[in-house]
Amino acid sequence: MKSIAFFTNKGGVGKTTLTCNLAAYLSEVDRKKILLVDADPQTNATQYMFKDSVLKEIYDKKSAFTIYSMARPLSQGKGFSADNEFRNSTNFKVDVLLGDPRLALIEDTLASDWNSGGVRGVRTTYMFREFLTKCNEYDYVFFDMGPSLGSINRAVLIACDYFVLPLSMDIFSIRATENISTWLREWRRRLDLQLKGLPDASETEIDDLEFRLRLLGYVNQQYTAKRDATGERRAVKAYEKIMSQVPQAIEKTLIQDQLEPQGLEYLLGSIPNLHSLIPMSQNSRKPVFDLKAADGIVGAHFMKVKESFEIFEGIADKFNYNLGVLNDQVA
């Protein structure tokens, strides 16, 4: 099992759309068994993948088992959640730990424990790492996250093996890579100090305390593209200029702290603006590449749906390739 966080320190970049559709493609086409954890208190992934009846359980009845149900016992000092429940998304063909707005309520607890350190501080910080030990039946566990650099996201990133960076093609996303790099280094420094200060690490009941988060790759998103004379889809000039700055920005920030194995392709792919396909996908609660006439697809939209399949196919291929390269390096 490999755990992958989808994260960037900027909102509105299409992160949830990427996470859910890539998970659906890997499950449907590559036959991977995937758990998607909605770790964003805004619950966008859950709203995207489930019908209103499930959302009613979360928001109105508060009867569904959610990420808050999993996290709450630890935040109350009762220990880690013993039994977790996942909900299958029929259309996306993945299991989901449902999101919950109440997850935001434990932000302060995680922040306070992080600052206090000690056994409790490490236990709460490694909450999601301990959760992952119960997910070995899956090939991949994906975390959909909000854009903050707060304590919930810190706990997710400390838990994960890798992260994927979704980038909208604007100067603000490029600048965000520097913020992420700075905070990751600081978190790692603080975590090392906390672990060294423990009199007995076994008291944390966490067997694996290694910080191993690495960049798996990035995806360029939300830009306007046109076909050139050869039929290749290319970003229009204004976006192309920003896109050309991304590799250097990634190299100077997120890659400099990790040993790059030979042959790793950090650019996983590019997703141009898919326009009306996105609201159609959201309304039907289906992956973009699975949309049909019954979902409102007409005329030229059919070609766009086909193109979206090819886009996610390319991203999935590089995603799997990079995981293979990194796994070989670890081995």
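The modelled label-to-label distance for the pair Lys237/Lys196, using points 7 Å beyond Cα in the direction of Cβ, is 5.4 nm. Note: region 2-330, Cα convex hull, 134 Å³ per residue. Compared with the dominant Cα axis of the chain, that is its longest principal axis, helix 301-330 is turned about 40°. Length gained on full extension, Leu267 to Thr90: 60.7 nm, using 0.36 nm per residue less the C-alpha separation. Relative to the longest principal axis of the Cα atoms of the chain, the long axis of helix 15-28 makes an angle of roughly 80 degrees. Global dimensions of region 172-212 from alpha-carbon coordinates: Rg and Dmax equal 14.0, 43 Å.
Per residue, the chain reaches -13000 deg cm²/dmol at 222 nm when only DSSP H runs of four or more residues are counted, each adding -39500 (n - 2.57). Its relative contact order, with pairs defined as Cα atoms under 8 Å and 6+ residues apart, puts the chain at 22 percent. Overall form of region 278-331: prolate. Here a/c, set by the Cα gyration tensor axes a ≥ b ≥ c, is 1.5 or more, and a/b is the larger of a/b and b/c. A Förster distance of 30 Å, applied to the separation of the beta-carbon atoms of Tyr59 and Asp295, puts the FRET efficiency at 0.75. Once Rg and the Kirkwood radius are both taken over the C-alpha atoms of region 1-126, their ratio Rg/Rh works out to 0.98. For Leu267, the residues whose amide H sits under 5 Å from its own are Tyr218, ignoring neighbours fewer than 5 places away on the same chain, with H placed 1.01 Å from N. Loop-located trypsin sites (Lys or Arg not before Pro) across region 1-32 with a Cβ neighbour count of 15 or fewer within 10 Å are Arg31, with loop assigned by DSSP. Along its three principal directions, the equivalent ellipsoid of region 101-147 from the Cα gyration tensor extends over semi-axes of 23, 15, 8 Å, largest first. Highest mobility in the GNM of the chain, judged by mean-square fluctuation with C-alpha springs under 10 Å and restricted to Asp144, Asp60, Asp100, is found for Asp60. Computed on the Cα trace of region 1-46, the radius of gyration divided by the Kirkwood hydrodynamic radius gives Rg/Rh = 0.97.
Result for the chain in a Gaussian network model with C-alpha springs under 10 Å: among Ala155, Ala39, Ala23, the largest mean-square fluctuation is at Ala155.
Measuring nothing but how far apart in sequence close Cα pairs (under 8 Å, 6+ apart) lie, relative to its length, region 1-126 scores a relative contact order of 27 percent. Projected label points at Asp208 and Ile171, each 7 Å from Cα along the beta carbon direction, are separated by 4.2 nanometres. Kirkwood analysis of region 44-183, using all unique Cα-Cα pairs, places the hydrodynamic radius at 16.5 Å. Working ranking of peptides 145-152, 197-204 by packing, defined as the average number of other Cβ atoms within 10 Å per residue, highest first, is 145-152, 197-204.
Read the figures in this text as sums done on the coordinates, not as results from a lab. Just so we're clear, the structure is a prediction, and the values are computed from it rather than from any experiment. Heads up, the Cβs are rebuilt from the backbone with ideal geometry, glycines too, and the neighbour counts pull from every protein chain shown.
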